[in-house]
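A.B. asks: Shown below is the structure under consideration.
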Amino acid sequence: MSVLLDRLAAELGAGGLLTGDEVTARAETWSSPHPCRALAIARPGSAAAVAAVLRLCHEAGQEVVPHGGGTGLVEGATAGSSQILLSLERLRTIEELDPLGRTATVQAGVTLQALQDAARSAGLNFPLDLGARGTATIGGTIATNAGGNRVLRYGMMRDHVLGIEVVLADGTILSSLNRLIKNNAGYDLKQLFIGSEGTLGVVTRAVLRLREDPVSQNVAFLGIGSFDRLPVLLKALDRRLGGTLSAFEVMWPEFYALVTTPPARNRPPLASQHAYYCLVESLGGDESGDHERFLAVLGQLVEEGIVADAAVAKSKAQVAGLWALRDDVEQVLRIGPVFMFDVALPIAAMENYVAGVRSALAARWQDAACVVWGHMGDCNLHLWISVQDESAAARAAVERIVYEPLAGIGGSVSAEHGIGTEKAAYLGLVRSPTEVELMRTLKRSLDPRGIMNPGRVIGC
Ligand SMILES: Cc1cc2nc3c(=O)[nH]c(=O)nc-3n(C[C@H](O)[C@H](O)[C@H](O)COP(=O)(O)OP(=O)(O)OC[C@H]3O[C@@H](n4cnc5c(N)ncnc54)[C@H](O)[C@@H]3O)c2cc1C
């Protein structure tokens, strides 16, 4: 093993390979307070250097775990003590912003926020957005096909990637840096790697599609009297706002209570209590016209009894305040040690599903707490559950309660966080044996020695 580490150190140069205490000093993931246990951390500074690392590891049969910002929530980037963590932290350059072609060419270690800021300074917009924007990387968001707050309008990461550069397990560099929106010349190879969670190759660079920066942003916080009004509201907003609806974030009352009471910094934007709360956002191109239409549509919806109460943000600070309330998910940790879930299911099935999960939890644990919120416009719910017991047995029992009902209602065990190691055992619940077998065939063909992020997605 030391021969491989010596060869990697020689290939990567000073500071390119961390070992021993330099490794343990590194924190691994946002949700994991444990020190990094990797055999070594490789920090290549170019795609060629990534290729050299993988070539050497491939020859040696050495397992490699790609690592972006470490904000993933399914234990996808956590390396074991015999694995090499391949960090993209030195690939941080925004290489080109093309304002006319509306593309950005960026290295994989660029953070989401750095790209958003660069696009904005060119009068453009990179619309993918999520709470971990300051740390999550472009490579990580591609590898997980991240979603976030504005999928309803702009789609997931898959919808923003035009071209990709990937280093395959044997060190081959696949450069597919397409810049065209339409390109049907053969298989769309980038799609294989988007959402593959580092199991098929390492993303080193991407060409991303940018949009025009919206001129108007209107945000309101709504109180809703019953679940059946939510899909009606979603449809009405989508139609009446003329395609400008960009977010539809629903919160169950427990979530609202936690993010609006001390020690949370935010206070309730609405005077009374409601069965559900909904943050809605519209992004458009006509500042005064969009605002008038937003107010008029909300007024109609109140009159029609679909919305019980509404607080409309009147300034940029108030817009930021309402989003801060929605993004303050760490408040949920106040319920105790939590198991976090990210699931997808048809909106029509959500009310019964949540009620079923709650009653199954209550039947087994007296002090169970289940806090629910999510990007409901995208059929995506987050459930954070505490049963005041962090044991593996409790986790497995809670997982069964959350995941098993999804199979029968056309749901998914992962909406946007991916499978990682955490959900690998449940992939077969929501994917057919034929689908899983094809995934295995692809994996074997691209990574015959099984060195790329083993155990993730399809298990071993
Ligand atoms: C506060 C908070 C809010 C979040 N909100 C959302 C949200 O709204 N929507 C959402 O989708 N996610 C969300 N996440 C999860 C997380 O931010 C995303 O999964 C993100 O895409 C991970 O990016 P990363 O760079 O941190 O990747 P990492 O955590 O480093 O890695 C994630 C996975 O991708 C692989 N990987 C990383 N880089 C590469 C690469 N260059 N090539 C190949 N594989 C690679 C890793 O091996 C791992 O399997 C949130 C996380 C936090 C902490």
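The values are calculated or read from the model by the stated rules, or taken from the named source; none is laboratory data. Just so it is clear, the structure is predicted and the values come from calculations on it, not from any experiment. Counting neighbours? That spans all protein chains shown, and the Cβs are built from the backbone with ideal geometry, glycine included.
A.B. asks: For the stretch 112-163, give me each residue that is within 10 Å of the ligand (Cβ to nearest atom) and of a type in the set (S, T, N, Q).
C.D. replies: Of everything in the stretch 112-163, those that are within 10 Å of the ligand (Cβ to nearest atom) and of a type in the set (S, T, N, Q) turn out to be THR135, THR137, THR141, THR144, ASN145, ASN149.
A.B. asks: Let me ask another. Looking at the stretch 155-232, what strands (runs of 3 or more DSSP E) fall wholly within it and have at least 3 residues that are touching an Asp or Glu at 6+ places or on another chain (Cβ under 8 Å)?
C.D. replies: Filter on the stretch 155-232 gives 173-176, 201-209, 216-224.
A.B. asks: Next question, about the same structure. Of the numbered conditions (1) over 19 Å from the mean Cα position of the chain (by Cα); (2) in contact (Cβ under 8 Å) with a residue 40 or more places away in the chain, GLY148 fails exactly one; give the number of that condition.
C.D. replies: Unmet for GLY148, out of (1) over 19 Å from the mean Cα position of the chain (by Cα); (2) in contact (Cβ under 8 Å) with a residue 40 or more places away in the chain: (1).
A.B. asks: Which residue out of VAL307, VAL203 is in contact (Cβ under 8 Å) with a residue 12 or more places away in the chain, surrounded by 21 or more Cβ atoms within 10 Å (Cβ to Cβ), of a type in the set (Val, Ile, Thr) and under 30 Å from ALA114 (Cα atoms)?
C.D. replies: VAL203 is the lone residue from the list that is in contact (Cβ under 8 Å) with a residue 12 or more places away in the chain, surrounded by 21 or more Cβ atoms within 10 Å (Cβ to Cβ), of a type in the set (Val, Ile, Thr) and under 30 Å from ALA114 (Cα atoms).
A.B. asks: In the stretch 30-62, which residues are more than 13 Å from LEU5 (Cα to Cα), within 12 Å of the ligand (Cβ to nearest atom) and at pLDDT 95 or above?
C.D. replies: PRO44, ALA47, VAL50
A.B. asks: Another one. For LYS314, are the conditions met, namely being of a type outside the set (A, V, I, L, M, F, W, C) and more than 16 Å from the ligand (Cβ to nearest atom)?
C.D. replies: Taking the combined requirement at face value, the residue satisfies it.
A.B. asks: Within the stretch 123-140, track down each residue that is out of contact with any Lys or Arg (no Cβ under 9 Å at 6 or more places or on another chain) and free of Cβ contacts under 8 Å to residues at least 40 places away in the same chain.
C.D. replies: Across the stretch 123-140, the qualifying residues are LEU130, ARG133, GLY134.
A.B. asks: Inside the stretch 313-326, can you point out the residues that are of a type in the set (D, E, K, R) and crowded, with 16+ Cβ neighbours inside 10 Å?
C.D. replies: Passing the criteria: only ARG326.
A.B. asks: Looking at the stretch 413-460, which of the residues that are among the polar types (S, T, N, Q) and in contact (Cβ under 8 Å) with a residue 40 or more places away in the chain is surrounded by the fewest Cβ atoms within 10 Å (Cβ to Cβ)?
C.D. replies: Ranking the qualifying residues of the stretch 413-460, first place goes to THR421.
A.B. asks: Just wondering, is there one or more residues in the stretch 365-374 that are among the aromatic types (Phe, Trp, Tyr) and touching a helix residue (DSSP H, G or I) at 6+ places or on another chain (Cβ under 9 Å)?
C.D. replies: yes
A.B. asks: Considering only residues that are buried (at least 16 other Cβ atoms within 10 Å of the Cβ) and either β-branched (Val, Ile, Thr) or in a strand (DSSP E or B) (or both), which ones fall in the stretch 253-296?
C.D. replies: Passing the criteria: VAL259, THR260, TYR276, TYR277, CYS278, LEU279, VAL280, GLU281, SER282, LEU283, GLY284.
A.B. asks: What number of residues within the stretch 76-98 are crowded, with 21+ Cβ neighbours inside 10 Å and more than 14 Å from VAL203 (Cβ to Cβ)?
C.D. replies: Residues flagged as crowded, with 21+ Cβ neighbours inside 10 Å and more than 14 Å from VAL203 (Cβ to Cβ) within the stretch 76-98 amount to 5.
A.B. asks: Determine which single condition GLY242 fails, assuming it passes every other condition in (1) surrounded by fewer than 20 Cβ atoms within 10 Å (Cβ to Cβ); (2) among the small types (Gly, Ala, Ser); (3) more than 30 Å from ASP309 (Cβ to Cβ).
C.D. replies: Tallying (1) surrounded by fewer than 20 Cβ atoms within 10 Å (Cβ to Cβ); (2) among the small types (Gly, Ala, Ser); (3) more than 30 Å from ASP309 (Cβ to Cβ), GLY242 fails exactly one: (3).
A.B. asks: For the stretch 63-99, enumerate the residues that are modelled with pLDDT under 95 and aliphatic (A, V, I, L, M).
C.D. replies: Within the stretch 63-99, LEU73, VAL74, ALA77, ALA79 meet the criteria.
A.B. asks: Which one of GLY147, GLY139, GLY109 is part of a helix (DSSP H, G or I) and surrounded by 21 or more Cβ atoms within 10 Å (Cβ to Cβ)?
C.D. replies: After applying the criteria, what remains is GLY139.
A.B. asks: Here's something else I'd like to know. Tell me the residue from GLY101, GLY198 that is buried (at least 22 other Cβ atoms within 10 Å of the Cβ) and either in contact with a strand residue (DSSP E or B) (Cβ under 8 Å, 6 or more places away or on another chain) or of a type in the set (Gly, Ala, Ser) (or both), please.
C.D. replies: Testing whether each residue is buried (at least 22 other Cβ atoms within 10 Å of the Cβ) and either in contact with a strand residue (DSSP E or B) (Cβ under 8 Å, 6 or more places away or on another chain) or of a type in the set (Gly, Ala, Ser) (or both) leaves just GLY198.
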